[in-house]
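A short write-up of the structure that comes next.
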Amino acid sequence: MKEVNSTERNMLFISHAWEDFEFTKWLALQLAKEGYGVWCDLTKLLGGENWPKEVNNSLQFRTTRFLFVLSRSSNIKPDPLGELETARNIMKREEINNFIVPLKIDDISRDEIDYRLQEIQNISFESNWAAGLTNLLKLLKKEKTPKHPSFTLSAVNTWWKKYGTDSCKIINDTEELFSNRFEILHYPTNIYAHFVDEEPKLRGYIKYPVIPHNKYILSFADSEHLQTITGIKSIIRYSHQIQIKDILSGCDNLIENSQTGYYYLARLLNQAFRKTLQNIGLEEFSLARDSCYFFHDKLLETGRIKYTDTGKLDSRIKLWGKFKGEKWYLGIRVNVQKEPILHFAIYPHVLTRGKSGLHAAPKAAYKSWRNHKWRDRINAAVVHFAEDGPSIALKVGTNEDVSVSRNPIPYISPISYEEPNEQIKSAEASE
């Protein structure tokens, strides 16, 4: 196939759905800063081009690489898919190598992707935009993609002063911030290793956290209570206790590696939190590599938490609502981390339910949420989990609990900034 060598083809065309405008604007500016010419409606014609009137011409004669922002939205919208079809025709006609470059930004699965993109290697921006940009720039350099003299750091700065948000000002003062991390205040000092004389048989829902390890079942629960639980199909022959400090230091005879010991502890703790969320009534939703648990109208009738001890939380905060005729739900994903102290990191997700069922929400559903709204929604969820108590109690055995603080771990930032004051229509306006 031919390489791109025409001097006229010196622009990167970014095709996207309007729901992905924040990512697209960021990407366009990053590429322009690196000196690449960019055709994109969201940058207000950064290079002075009359792009909206010449979409077809720009694709046919000016585009050196067609960057397709691949998301659940662009994968079904007629405008980006129409541009994709045009790009495919150009690639075949001109025999341009690596003309189409998909940039995957959400958790759309491979079997859901439009057939025209399934055989093309995509660059993932899903969990780390900076890493995705690094890989894209490496590809552009490898393919000797031409740059454009009009696109410079100075041009980007000029554009930002004219069209960007200039009210986000740095303030030279410290500020206390709250993280999405919640300290584990207490957990059992021991884990039981239950020998079952065969490969452990675990089926269906099991009340307490359990993990198979060789011919053992690891759990915080003792054998007397664990053996009577539905889902444990193996007969426990005998049990012994392992001190958690020993498996974390690699001193135990059964689990001699400290990394494996932490892995097992983290799995047990993660199971404990997830089982608690299920018991409270949250429903599970499968993500690309994990699961989250979401609030819904059967659990919270109005979308607001029912507990009263909310401290300084905004009483209007909702954990589900409506956006453009579809319901949105806040989902929670948890993961144990050990630095700087043992804690749960709580990650929010937003889901929507429409005619096609439940799926990850497009960014348009929550693009108006500022940092304080994300913070308050996470904290409201934690208050709900704690049921007005000072901590969240995770049941891991008949007489054993794990205690998680309901207060996020704070940290001090050496600088602060002034929030942007541009007005974006709030999602709550349509609730």
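The values are calculated or read from the model by the stated rules, or taken from the named source; none is laboratory data. Worth saying up front: this structure is predicted, and the values here are computed from it rather than measured. We place every Cβ from the backbone using ideal geometry, glycine too, and count neighbours over all the protein chains shown. The protein model used for the area step is the full one, side chains on, heavy atoms only, and it has no ligands, DNA or RNA in it. Shrake-Rupley method; radii C 1.70, N 1.55, O 1.52, S 1.80 Å.
For residue 210, what accessible surface area do you get with a 1.4 Å probe? Give it in Å², rounded to 10.
10
Between 413, 213, 330, whose Cα lies farthest towards the positive end of the dipole of the chain when Lys and Arg beta carbons carry +1 and Asp and Glu beta carbons carry -1, centred on the Cα centre?
Result: 330, furthest along the dipole toward the positive end.
Roughly to the nearest percent, how much of the accessible area of the chain is carbon and sulfur, given a 1.4 Å probe?
Percent of accessible area from carbon and sulfur atoms in the chain: 48.
With a point put 7 Å past each Cα toward its Cβ, work out how far residue 178 is from residue 76 in nm, to one decimal.
Spacing of the two 7 Å Cα→Cβ label points: 3.5 nm.
Relative to the longest principal axis of the C-alpha atoms of the chain, give the angle of the C-alpha long axis of helix 21-33, reported between 0 and 90° and rounded to the nearest 10°.
60
Angle check, please: helix 371-386 long axis (alpha carbons) against the longest principal axis of the chain (alpha carbons), in degrees 0 to 90, nearest 10.
20
Take the alpha carbon atoms of the stretch 190-344, find their radius of gyration, then divide it by 2.2 N^0.38 Å using N residues; give the quotient.
1.28
Mind checking which of 195, 262, 11 is farthest towards the positive end of the chain's charge dipole, using Cβ charges of +1 (Lys, Arg) and -1 (Asp, Glu) about the Cα centre?
Going by the charge dipole, the pick is 11.
If one takes the longest principal axis of the Cα atoms in the chain, at what angle in degrees, from 0 to 90 and to the nearest 10, does the Cα axis of helix 258-280 lie?
90
About the Cα centre of the stretch 188-262, what is the dipole size in debye to 20, counting +1 per Lys and Arg Cβ and -1 per Asp and Glu Cβ, all else neutral?
Dipole size: approximately 280 debye.
Determine, from the Cβ-Cβ distance of residue 415 and residue 374 and an R0 of 25 Å, the FRET efficiency 1/(1 + (r/R0)^6), rounded to the nearest 0.05.
The value I calculate is 0.80.
For a test of the definition: using alpha carbon positions, the gyration tensor, and the 1.5 limit on a/c, classify the stretch 238-328 as rounded, prolate or oblate.
prolate
At 0.36 nm per residue, and after removing the present C-alpha to C-alpha distance, how many nm does the segment from residue 335 to residue 119 gain when stretched out fully? Working shown, then result.
On the way: separation 216, 0.36 × 216 = 77.76 nm, distance 3.32 nm.
Difference between extended and current length: 74.4 nm.
Work out how far the C-alpha atoms of the stretch 279-376 reach from end to end along every principal axis, then list the three figures in whole Å, largest first.
Taking the Cα atoms of the stretch 279-376, the three principal extents are 43, 34, 30 Å.
Determine the relative contact order of the chain: mean sequence separation of Cα pairs under 8 Å and six or more apart, normalised by residue count, in whole percent.
17
So what does residue 20 come to for accessible area, using a 1.4 Å probe and Å² rounded to 10?
Per-residue accessible area (residue 20): approximately 10 Å².
Could you work out how far apart the two model spin labels at residue 388 and residue 92 are, taking each label as a point 7 Å from the Cα in the direction of the beta carbon, and quote it in nm?
Label at residue 388, label at residue 92, 6.7 nm between them.
Pick out, in residue order, every one of the GluC sites (Glu not before Pro) in the stretch 186-267 that is DSSP loop and has at most 14 other C-beta atoms within 10 Å; say none if there are none.
198, 256
Return the long-range amide H neighbours of residue 281 (sequence gap of 5 or more, or a different chain), with a cut-off of under 5 Å between placed amide H atoms.
It is none; the list stays empty.
Can you pick out the pairs among 25/92; 318/367; 275/363; 233/338; 25/355; 77/363 whose Cα atoms lie more than 23 Å from each other? Before the final figure, lay out the partial values.
Numbers: 25/92 29 Å; 318/367 15 Å; 275/363 29 Å; 233/338 33 Å; 25/355 29 Å; 77/363 15 Å.
Long pairs (Cα-Cα over 23 Å): 25/92; 275/363; 233/338; 25/355.
When 1/r is averaged over all different Cα pairs and the result inverted, which Kirkwood radius in Å belongs to the stretch 77-212?
22.0
Quick check: with the 1.4 Å probe, what order do 289, 181 take by accessible area, largest first?
Result, largest first: 289, 181.
Tell me, how many Å apart are the Cα centres for the stretch 328-348 and for the stretch 233-268?
The two parts, judged by their Cα centres, are 23 Å apart.
Counting other C-beta atoms within 10 Å, and keeping those with at most 12, which DSSP coil trypsin sites (Lys or Arg not before Pro) do you find in the stretch 347-401?
355, 370
Over the alpha-carbon set of the chain, work out the extent along each principal axis and list the three values in angstrom, largest first.
76, 50, 45
Given +1 on the Cβ of Lys and Arg, -1 on the Cβ of Asp and Glu, and no further charges, what dipole in debye does the chain carry about its Cα centre, rounded to the nearest 20? If you can, show how the numbers build up before the last one.
Working: 58 positive and 54 negative charges, 179 e Å.
Dipole size: approximately 860 debye.
Considering only protein heavy atoms, what per residue accessible area in square angstrom results for the chain with a 1.4 angstrom probe?
Working: 22230 Å² over 431 residues.
The answer is 52 Å² per residue.
Using 0.36 nm per residue of separation minus the Cα-Cα distance, give me the extension gain between residue 152 and residue 185 in nm, one decimal.
Details: separation 33, 0.36 × 33 = 11.88 nm, distance 5.12 nm.
Working it through step by step, the gained length comes to 6.8 nm.
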